[in-house]
Each structure stands twice: as structure tokens, then as C-alpha cells.
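Enquirer: First the structure, which I've put down as C-alpha cells, then a few questions once you've had a look.
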Amino acid sequence: MLLGNMKFRLRVIAVLVLVLITLGLYMSLPDQGSSARKQGFQKSLQIGDQNFNVKKWLQVSTEVDSEMCSLTGPGPPHSANISTYDLYYNTPFNVKSNGEWEMPVPEQKYDSASRPPKLKVILVPHSHNDVGWLKTVSEYYSDQTKHILNNMVNKLTEYPNMTFIWTETIYFSMWWSELEDAVKVHVRRLIRRGQLEMTLGGWVMPDEASTHYVAVIDQLIEGHQWLLENLHVRPENSWAIDPFGYSGTMPYLWHKAGMSNMVVQRVHQAVKTSLLNQKALEFYWRQMWDRKGSTDIFCHVMPFMLYSIKYTCGPDPFVCVNFDFRQIPGDFSQNRGRQITDDILEHSAEMLYLQYRSYANYFQYNIVLVPIGDDFRYDKEKEW
């Protein structure tokens, strides 16, 4: 009532006085952690001055607290041979003037004069469906996603040796609610046959770099519970190709959720190069506190820039675009794929084989994982 009866100028002055009084009371309260924070900051400044190196300044010296990390603390030694902390700090980020990073092409594993070892190529058709991006979830579903899933059922039925993976459970649930019971039974049959695999299985493909773990677990429970109740499956493999950065906590969560393998993509090319130099683009991801490896999960890092077909058949994107055969009027595309005829069959096969063979040089073993897809691909029947 007092402020209500005062003129506007007096009201403003009164509010400012109250704010200053409150701030003064807050500043006068004792802060038990302020002294410790001040000492810690001064110590970090001393470390930075001693090393004259920004990277070293950012690192926490193990001499300050030798028990902070299981790699240096008491007890049996940690058997991991690559630390993600060291990996980042020891990676030179020498990008070009245009911001690009040129990834080196590794030498071939075998003598060119000898017969190369047998190569196993695993093709993985997929369609990444963002849960809201340039359109709303409903718009994406009605315009593209439901057509992808309808085509998927038709084509997997027509071709029993064809496979497909799906990740975003929210879209699958929207589509499922529109299906007749007979189609639902058939979809479950495709899953039992191994033609259709549900990967990761969260409600969405979550961001990992900035999302709190509670939110990640919440959406994972939502997705996995829906899959178990409706499709009677639990995902065994994680497919996280579009999060911008990866948290070291996610492998632990995926493992605890029942998954034993994971695929990631959006890692800086410089970091991928550091892994490549150690032939470690495939590794078991171990937690810093896990000395025995009880939470290990196998991780495959896709070596090239993106997950589109242009960057997944091998190291040369200008060759790979010749094997992207989506030709839809009105689409903006860099695809150069054309119909394979007898005249170009041998030449095309040789081009693709050389890419697959070069691809294998990035890994320890003669097995390559080749995704075939992109954002919202296979929404047109013609593409299948």
C-alpha cells in the first residue's frame, strides 16, 4: 500500500534503496568457500605462470591432488592406454585458413605386389530424423518421416535380404499409433528376422555436450520402455551420429542401459587424426574410475567429416557422390549417381572397391562400416 500511494519517481527510489540494502546484507554474510576458491584460483595462476602454456594452465596438476584420478591414485594401475584428457591436449588443431582440417590418408596395410587380404564391408542403410529442426516434429512426421517408415516396411518385405536401422523412438511411436494390428505384427516379425534394428532407442537422439545426465536418462527410459512394451526389444547398439560433441558419461549410461556397442560421428577431425595415428578409431571406452573395465563399451568413430553418403564410402568425397543415387526433382543435391549399366559396371565397381579398400586402412582390421543415408532419406519410394 505504501508504494501504491507514492508517485512513480519516489517508487523507483524506494525500490533502489531496498535493493542496495539487500545487496549489502548479502555481501556482509560470511562465505566459507570464498577463501578456498581464492586459494585455488591463486594456485592455478601459479601453475599457469610456471608453464607459460594455456593448455598446461587449463590442466589440473596431479601433484596438487594425486588421488583425484584413478590413473595416478593408489591401487592397481589403470589399464587404459589412451586418456581423453591427454588426447585433446596433445592434439594439434592446425586448421587451414578457411577453417577446414585436412585428414591424412593412411598408407595401405599390404604390399601392392601381393594379394590384399579379404575385406568385409558392412552396409548400414539409415535415415536420420531430427526431432525438430527446420520444421516442427509434427511437420517432419507428416511431410517425411511417416513416408520413410511406410516405405521401409514395403521394401524390407519385398527384399528379405535388405536391412534398415531406426533410432528416434518418438517418430516410431507416432507412426505405430496409426498402424493396423496386422502391420504391427509384421513389423515385429521384421525385427525378429534382423531386417529392422532399433538402435540407441531413446525418445530422441540426445545432445551430449551440454545436456544434464538426468534429462538424458529420462528420455532414454521413455524410449526404452516404449520399445519394450510395443516391440518387445531392448537396443543393443547405440547410434549417435549427430550430437555435436560427446560426453564421457554417455558410454557408461549406454552400457548400464544394456548396450554393448556405440557409433559416434561429430568429433573434430584433428582429434580423429590423433586417434588414426594410433589406429584407435575403434576402442573400448572405459571410465576414469573403472580399473577393471566392468563398464567398457566398444566405440566406433566414423572417420570422415559427415554421415552423408558423400563422406561414408571412403576418403574421397568426389568419388562417393557418384554412388548416391537419389534423384528427386526439386531436391538440392550434390549427388552424381547415375544408372549402372553394363558399359560402366566394371569401372564403377573398381572405383567403389578402391574406396572401401582405402577406408579399411583407417582401422586395425579389414572390416569397414559404411552407413548409407542422410537426414530424412528414403522418404520417396523411388530412392529405395
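For every residue, the table says whether it meets (1) at pLDDT 90 or above; (2) at positive phi; (3) touching a strand residue (DSSP E or B) at 6+ places or on another chain (Cβ under 9 Å).
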position	(1), (2), (3)
287	yes, no, no
291	no, no, no
315	yes, no, no
318	yes, no, no
350	yes, no, no
372	yes, no, yes
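Enquirer: Scan (1) within 26 Å of the chain's Cα centre (by Cα); (2) exposed (fewer than 12 other Cβ atoms within 10 Å of the Cβ) for the single condition residue 127 breaks and write down its number.
Expert: (2)
Enquirer: Next up: Give the residues of segment 324-364 that are assigned to a loop (DSSP other than H, G, I, E, B), in contact (Cβ under 8 Å) with a residue 40 or more places away in the chain and open to solvent by 40 Å² or more (accessible area, probe 1.4 Å), sorted by residue number. Break it down into steps so the answer makes sense when it comes.
Expert: Quick first cut of segment 324-364, residues assigned to a loop (DSSP other than H, G, I, E, B) only: 324-344, 361-364.
Checking which are in contact (Cβ under 8 Å) with a residue 40 or more places away in the chain leaves us with 325-328, 361-364.
Once the filter is applied, which keeps residues that are assigned to a loop (DSSP other than H, G, I, E, B), in contact (Cβ under 8 Å) with a residue 40 or more places away in the chain and open to solvent by 40 Å² or more (accessible area, probe 1.4 Å), segment 324-364 yields 325, 327, 364.
Enquirer: Identify, from the list 193, 188, 234, the residue that is open to solvent by 10 Å² or more (accessible area, probe 1.4 Å), closer than 19 Å to residue 124 by Cβ and over 16 Å from the mean Cα position of the chain (by Cα). Working first, answer last.
Expert: Values: 188 fails: closer than 19 Å to residue 124 by Cβ; 234 fails: closer than 19 Å to residue 124 by Cβ.
After applying the criteria, what remains is 193.
Enquirer: Conditions: (1) open to solvent by 70 Å² or more (accessible area, probe 1.4 Å); (2) at pLDDT 95 or above. Residue 198 meets all but one. Number of the miss?
Expert: For residue 198, the exception is condition (1).
Enquirer: Against the condition β-branched (Val, Ile, Thr), within 30 Å of residue 289 (Cα to Cα) and buried (at least 20 other Cβ atoms within 10 Å of the Cβ), how does residue 204 come out, does it pass?
Expert: Working: β-branched (Val, Ile, Thr): yes; within 30 Å of residue 289 (Cα to Cα): yes; buried (at least 20 other Cβ atoms within 10 Å of the Cβ): yes.
The answer is yes for residue 204.
Enquirer: Inside segment 240-311, counting only strands (runs of 3 or more DSSP E) that do not spill past its ends, which hold 1 or more residues that are open to solvent by 30 Å² or more (accessible area, probe 1.4 Å), touching a residue at least 40 places away in the same chain (Cβ under 8 Å) and of a type in the set (A, V, I, L, M, F, W, C)? Before the answer, list the steps.
Expert: Values: elements: 261-264, 282-285, 297-301.
It comes to 282-285.
Enquirer: Against the definition (within 24 Å of the chain's Cα centre (by Cα) and either open to solvent by 70 Å² or more (accessible area, probe 1.4 Å) or more than 18 Å from residue 261 (Cα to Cα) (or both)), how does residue 182 come out, yes or no?
Expert: Numbers: within 24 Å of the chain's Cα centre (by Cα): no; either open to solvent by 70 Å² or more (accessible area, probe 1.4 Å) or more than 18 Å from residue 261 (Cα to Cα) (or both): yes.
Taking the combined requirement at face value, the residue does not satisfy it.
Enquirer: Next question, about the same structure. Looking at segment 215-224, is at least one residue open to solvent by less than 40 Å² (accessible area, probe 1.4 Å) and more than 21 Å from residue 298 (Cα to Cα)? Before the answer, list the steps.
Expert: To start, the set of residues in segment 215-224 that are open to solvent by less than 40 Å² (accessible area, probe 1.4 Å) comprises 216, 219-220, 223-224.
Next cut, more than 21 Å from residue 298 (Cα to Cα) only: 219, 223.
Looking for residues that are open to solvent by less than 40 Å² (accessible area, probe 1.4 Å) and more than 21 Å from residue 298 (Cα to Cα), one finds at least one in segment 215-224, hence yes.
Enquirer: Having 3 or more residues that are under 20 Å from residue 371 (Cα atoms) and free of Cβ contacts under 8 Å to residues at least 60 places away in the same chain is the bar; report the helices (runs of 4 or more DSSP H) wholly within segment 130-213 that clear it. If you could, list the steps in order and put the result at the bottom.
Expert: On the way: elements: 137-140, 146-158, 169-176, 181-193.
Those helices (runs of 4 or more DSSP H) span 146-158.
Enquirer: Could you count how many residues in segment 138-155 are open to solvent by 40 Å² or more (accessible area, probe 1.4 Å) and more than 19 Å from residue 197 (Cβ to Cβ)? First the steps, then the outcome.
Expert: In the first step, residues of segment 138-155 are kept if they are open to solvent by 40 Å² or more (accessible area, probe 1.4 Å); the result is 138-139, 142-143, 146-147, 150, 154.
So of that shortlist, the ones also more than 19 Å from residue 197 (Cβ to Cβ) come out as 138-139, 142-143, 146-147.
Within segment 138-155, residues that are open to solvent by 40 Å² or more (accessible area, probe 1.4 Å) and more than 19 Å from residue 197 (Cβ to Cβ) number 6.
The values are calculated or read from the model by the stated rules, or taken from the named source; none is laboratory data. Values in this document were obtained by computation on a predicted structure and should not be read as measured data. Don't worry about glycine lacking a Cβ; one is built from the backbone with ideal geometry, like all the others, and counts go over all protein chains shown. Accessible surface areas use protein heavy atoms only, side chains included; no ligands, DNA or RNA. Shrake-Rupley method; radii C 1.70, N 1.55, O 1.52, S 1.80 Å.
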